[in-house]
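Remarks on the structure that follows.
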Amino acid sequence: MIRILLADDEPLAVQRIAGLLRQFEDIEIVGTADGGEAALEQARRLDPDAILLDIEMPIVDGFDVAERIAHGEMPKPFIIFVTAFPNFAAPAFDTGAIDFLTKPVRLSRLETAIARLREAIVGRSARERLRELSAQLDGFRQQRDGRQDGDHLWVHGRGEAVRIDLDRLEWVAAEGEYVRLHIGGASYLHREALTNLMERLDPERFIRIHRSHAVDRSRVVSVRRRATGSYQLQTDAGRTLPVGRSYRAAVREMMRSRSPR
């Protein structure tokens, strides 16, 4: 069963979507919340697989809920946003949501969203198994090669291993279960999730600016707000990188402080 939490401050909207969800044999509605704070409390307590989350809620809106879930010490359910305003679609997907439903929700459109949710749940399980296997293999390689983690890592590929000095690393891009490491004009594909790599990078130097990007703070030369409301930053090498909505506060904090050299 897929355990779903419904969060919407409109009781009629909750009743309607609950009625639609009851037509799915593998869906269980584990709880409802009438606001953002309640949704966070229920998510911590119930640990649902997903939240169908209204965006326009007072005080703590759906975007705030998604951001606090992403950066908090709590379970990480999948998010499907629900709103009456289609113009929220772009920023909604920028948070990492797997789908976006427009009110009034139609059954056929909900079926598509639930199908995506099923795929995401299966994919997460597969990724977790691969991540565990990858970590084990990396440990075996290090034991075999007599190499220790520190200020460098070894990238394996095409019959060779290349040493990457983390002090020279400029920015990183996630590519599925891999990360692409950028140094000067060269890039190297390394099998490791970006979240895992961030744990070994110096937090005083590197900042996560997007679910798929991290950059050396000292390489950032400008931050620009686009007409759409999204943010971009530019590095000293002329590279333009997107800033995810959930990471804007960290970027603003970076601009208020001095970047290390």
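The values are calculated or read from the model by the stated rules, or taken from the named source; none is laboratory data. Note that the structure is a prediction, hence the values are computed from the model and not measured. When we count neighbours, we look across all protein chains shown, and the Cβ atoms used for this are built from the backbone with ideal geometry, even at glycine. Accessible surface areas use protein heavy atoms only, side chains included; no ligands, DNA or RNA. Shrake-Rupley method; radii C 1.70, N 1.55, O 1.52, S 1.80 Å.
What the table below lists for this structure:
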{"quantity": "Arg109 within 19 Å of Leu20 (Cβ to Cβ), open to solvent by 50 Å² or more (accessible area, probe 1.4 Å), touching a strand residue (DSSP E or B) at 6+ places or on another chain (Cβ under 9 Å) and in a helix (DSSP H, G or I)", "calculated": "yes"}
{"quantity": "Residue identified as open to solvent by 50 Å² or more (accessible area, probe 1.4 Å) and in contact (Cβ under 8 Å) with a residue 40 or more places away in the chain among Arg168, Arg219", "calculated": "Arg219"}
{"quantity": "Test: Arg239 is modelled with pLDDT under 90 and more than 15 Å from His182 (Cβ to Cβ)", "calculated": "no"}
{"quantity": "Failed item in (1) open to solvent by less than 20 Å² (accessible area, probe 1.4 Å); (2) of a type outside the set (A, V, I, L, M, F, W, C); (3) part of a loop (DSSP other than H, G, I, E, B), with Gly31 passing the rest", "calculated": "(3)"}
{"quantity": "Candidate set: the range 90-106, residues that are over 14 Å from Pro77 (Cβ atoms) and modelled with pLDDT under 75; chosen: the one surrounded by the most Cβ atoms within 10 Å (Cβ to Cβ)", "calculated": "Ala92"}
{"quantity": "Among (1) at pLDDT 85 or above; (2) crowded, with 16+ Cβ neighbours inside 10 Å; (3) touching a helix residue (DSSP H, G or I) at 6+ places or on another chain (Cβ under 9 Å) - the single one Ala249 does not satisfy", "calculated": "(2)"}
{"quantity": "Counted residues, the range 171-195 - those being open to solvent by less than 50 Å² (accessible area, probe 1.4 Å) and within 19 Å of Gly244 (Cβ to Cβ)", "calculated": "8"}
{"quantity": "Filter pass, Val162 being at pLDDT 90 or above, of a type in the set (Val, Ile, Thr) and part of a strand (DSSP E or B)", "calculated": "no"}
